[in-house]
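Quick notes on the structure that follows.
The values are calculated or read from the model by the stated rules, or taken from the named source; none is laboratory data. This is a predicted model, so every value here is computed, not measured. Glycine gets a Cβ as well: all are built from the backbone with ideal geometry, and neighbour counts include every protein chain shown.
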Amino acid sequence: MNLKAIRRPLLTLAALSSMTLFLVACASTAPVCGSPQSRNLNTAIDGVQTSLINGCHAHFDRYYDELLDIAEGDPKPENKREFSEFLVWSSDQGLLSTRQAEDYYNRFFNVKFMSMRGDYNNCSHTCPNKQKVLFDMERELSDKERGLLKVSRDADGYYRADQLYQEVELVLEATCNACAAGR
Amino acid sequence: MMKISVVRKTLSLGIATLSLLSATSSFATTPTIRLFPTTVVEDLRQTGNVARDMETGLQEVIGRLDQQQELYNESKCDGAENDSGCQRLARQIGATYLEMLTIMEERLPDMEHTVNNTKLSLEKGLRNELGKKMTPWKLQETLVGGKASEALPQNTPTLRGRSGMRLSERFKQYYQLVATSGAKGDQSLAVLASDIYLDMDETSLLIQRTRQEIARATLMEQLNQSFGIITPEMIEVVGGVKSILFGDEDAQTLVAGPPPGSVEQAYRSPLEQ
C-alpha cells in the first residue's frame, strides 16, 4: 500500500478531530445568555442578575429592555424601586459605572432630562446645538413615557416631564435668540 | 388690505403687557434670577398704557361700526349697492373704518417704541441670566423648581393661547398668573420672560408690517369712498378687531396643566439626580 494513500485519510481524520474538540471546548465555556423566562419582575431580575455575573454583561442593554417589557405587564409605582436596586447592584458588581447606572435610571424614571447635561453655559454650548438637544430630549421623553407611565404608573411624573420639555423648548428659543442678538 | 392676524397681534401685545404691570410685587419675592428688573417693569407699564389708549379708542369706533353695519343689513343693502341710501350708509361705514385705521396709525409708533424697549430689556436679562450664567442642567433645574416629582397645581394659567379669548377673561387669567407667580418661583419667571420676549419680538415685526399696510389700506379706502363700496376685506378686518376686543365665541383656550394623576410618588432612588 502506498504510504501517501494512508497518510491523507489520517491527516483528514486528525483535522476533523481537532475541530470537533475545539468546538466542544467553546460550547462548554460560552455562557447561555437567554432571555428571562418569568413574567414576574422580581424573578426575572434574579435570572438576569445570574446571567450577568455568569458572563452575559455584554447583553446588558437587551436585558434592561426585556425587564422593562416585563414590568410593563404589571405596572406599579414599586417598579421604580426594583429598577433602581437592580442598577445599584449592577454598579456595585462593576457591570456599570455609577454614571451609566444614573443614566439608565434617570432616562426612564426621572422627570429631568439627561439630554440636558452639560458643563458649559447655554449661549456657548446649548444654543449652537439646540436642534440636537431638542431631538435627544424628544427621544428621551419616549423613554420616560415607558418608564414613568407604562412601568411605574406615574402619570403626574410623565406629564410633568412632557411639560418640562415644552418649557425648555420655549425658554431655549427665547434665550438663544437673545444670545444671538448679543453677538 | 391688512391681515387680521396682523391687527390681532398688534392689539393683543399691549394687553398682554398691561396685565403684567402688577406682577412686580410678586416678582419681588423671588430675587434669585433677575429677569424682570425695574426697567422692564417700567417698559411694560408704558406699553400697557399705550395699548390701553389704543384699545379704548378702537372700542368706541368698533361700536359705531357695529351699529352702522346693523343698519346697513336691516336696510337690506346687500345686493342693492346702487341704491343711493345704501351708498350713503356704505360711505359712513367706510369713513368709520378709516377712523379706525387712523387711530391705529397714530398709536402704533408709540407702541413700537415701547415694545422694542421691553424687548431689549428682556433680551438682556435672558442672555445674561439664562444664557450666560446657567448650564443646561441648571436651566432645567430652574424650570423644574426642585420639585420634579411633584405634580403641578391644577388650572395653572399660562400666557400661551391668548387669541380668541374675551378681554375680561384674558385679564382674569393674567391676574391669576401674576397672583400665583410668587409662590411658583423662578421656573415661572423664566417661562414668563421667554414667552413675553418672543411675543414682543414677533410683535415688533408685525407692527412694522402693519404700519406699512395701514398706509396702503387707507389709500384704498379713500378710493372706495368715492364709490360707497364695502369691501369683503374691510369687513374681515373689522371682524378681526372685534374678536380681539369682545372675544371669539368659537375659540378654545389651550389646556394649561396636565390631567390629574392618582399615584402617590414617595420613592426616591439614590440614582436620581
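Among the residues of the stretch A:81-108, which ones are crowded, with 20+ Cβ neighbours inside 10 Å and facing chain B (nearest Cβ under 7 Å)?
A:84, A:87, A:101, A:102, A:105, A:106
Applying the selection to the stretch A:164-178, what residues are over 17 Å from residue A:111 (Cα atoms), surrounded by fewer than 24 Cβ atoms within 10 Å (Cβ to Cβ) and facing another protein chain (nearest Cβ under 7 Å)?
Across the stretch A:164-178, the qualifying residues are A:170, A:173, A:177.
Is it the case that residue A:159 is in a helix (DSSP H, G or I), under 18 Å from the mean Cα position of the chain (by Cα), of a type in the set (Phe, Trp, Tyr) and over 19 Å from residue B:194 (Cβ atoms)?
no
Of (1) touching a residue at least 12 places away in the same chain (Cβ under 8 Å); (2) crowded, with 16+ Cβ neighbours inside 10 Å, residue B:102 satisfies all except one. Which?
(2)
Of the residues in the stretch B:17-62, how many are within 30 Å of residue B:234 (Cβ to Cβ), surrounded by fewer than 22 Cβ atoms within 10 Å (Cβ to Cβ) and modelled with pLDDT under 70?
Of the residues in that region, 1 qualify.
For every residue, the table says whether it meets (1) within 14 Å of chain A (Cβ to nearest Cβ); (2) at pLDDT 70 or above; (3) surrounded by 15 or more Cβ atoms within 10 Å (Cβ to Cβ).
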| site | (1), (2), (3) |
| --- | --- |
| B:177 | no, no, yes |
| B:181 | no, no, yes |
| B:192 | yes, yes, yes |
| B:199 | yes, yes, yes |
| B:229 | no, no, yes |
| B:235 | no, yes, no |
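Look through the stretch A:65-80, keep the residues that are more than 8 Å from chain B (Cβ to nearest Cβ) and out of contact with any helix residue (DSSP H, G or I) (no Cβ under 9 Å at 6 or more places or on another chain), and return whichever of them is surrounded by the most Cβ atoms within 10 Å (Cβ to Cβ).
Start the filter on the stretch A:65-80 by keeping residues that are more than 8 Å from chain B (Cβ to nearest Cβ), which leaves A:65-76, A:79.
Next cut, out of contact with any helix residue (DSSP H, G or I) (no Cβ under 9 Å at 6 or more places or on another chain) only: A:65, A:69.
Details: A:65: 13, A:69: 16.
Here the answer is A:69.
Being more than 10 Å from chain B (Cβ to nearest Cβ), basic (Lys, Arg) and in contact with a helix residue (DSSP H, G or I) (Cβ under 6 Å, 6 or more places away or on another chain) narrows it down to one residue among A:144, A:132; which is it?
A:144 is the lone residue from the list that is more than 10 Å from chain B (Cβ to nearest Cβ), basic (Lys, Arg) and in contact with a helix residue (DSSP H, G or I) (Cβ under 6 Å, 6 or more places away or on another chain).
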